[in-house]
Amino acid sequence: MKIDDTNLAIIRHLRDGRKSFRQIAKSLGVSENTVRGRVSHLISEGVLEITGLINPEKIPDHRTAIIGVKLSTMNLIDKAEEFSKLKGVVCACVVTGRFDIIVVVMFSEEFRLLDFISEEVSKIKEVQSVETFVVYKGYNLMVPYLL
């Protein structure tokens, strides 16, 4: 599917989940039906997924950590999928750089960082090392993809 400037503009407008198709259409100078049709097409092609995002800083007694994972295997995609299914994981991404996978995890008083490392990460074979980064303050932390 070709992603043109109008599709990108629509996606940017959808970052604010409360913005109506009518408002987007008016802003872009196209019809509401054009926006509705393009959004429908982007969803059906798997390019766009509309979801609700949370602000972890607004959830009492919860913290977020970003964990860099180094593996002893090059089977990165399967390993990232395994990580994505662990308790507390918000997302797992295959990346370049000194880590193979970056994992974003939410914790609470009942489920702490040490619990995640000792109980959850230990389920994944071929983990060579992990490095944790506790988030003190995040900005747009839950936005998975920025255009």
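So, in the range 90-116, how many residues would count as being of a type outside the set (D, E, K, R) and without any contact (Cβ under 8 Å) to a residue 24 or more places away in the chain? Talk me through it step by step, then tell me what you get.
Applying the first criterion (of a type outside the set (D, E, K, R)) to the range 90-116 yields 90-97, 99, 101-108, 111, 113-114, 116.
With the extra rule that they be without any contact (Cβ under 8 Å) to a residue 24 or more places away in the chain, the set shrinks to 92-97, 114.
Number satisfying all stated conditions: 7.
Residue check: is LYS19 at pLDDT 80 or above, touching a strand residue (DSSP E or B) at 6+ places or on another chain (Cβ under 7 Å) and surrounded by fewer than 17 Cβ atoms within 10 Å (Cβ to Cβ)?
Details: at pLDDT 80 or above: yes; touching a strand residue (DSSP E or B) at 6+ places or on another chain (Cβ under 7 Å): no; surrounded by fewer than 17 Cβ atoms within 10 Å (Cβ to Cβ): yes.
Against the criterion (at pLDDT 80 or above, touching a strand residue (DSSP E or B) at 6+ places or on another chain (Cβ under 7 Å) and surrounded by fewer than 17 Cβ atoms within 10 Å (Cβ to Cβ)), LYS19 does not qualify.
Identify the residue in the range 109-139 that is under 28 Å from LYS58 (Cβ atoms) and in contact with a Ser or Thr (Cβ under 7 Å, 6 or more places away or on another chain) and, among all such residues, is modelled with the highest pLDDT.
LEU113
The values are calculated or read from the model by the stated rules, or taken from the named source; none is laboratory data. Predicted model only: the values in this text are computed from it and were never measured. Neighbour counts are summed over all protein chains in view; Cβ atoms, including those assigned to glycine, are modelled from backbone coordinates with ideal geometry.
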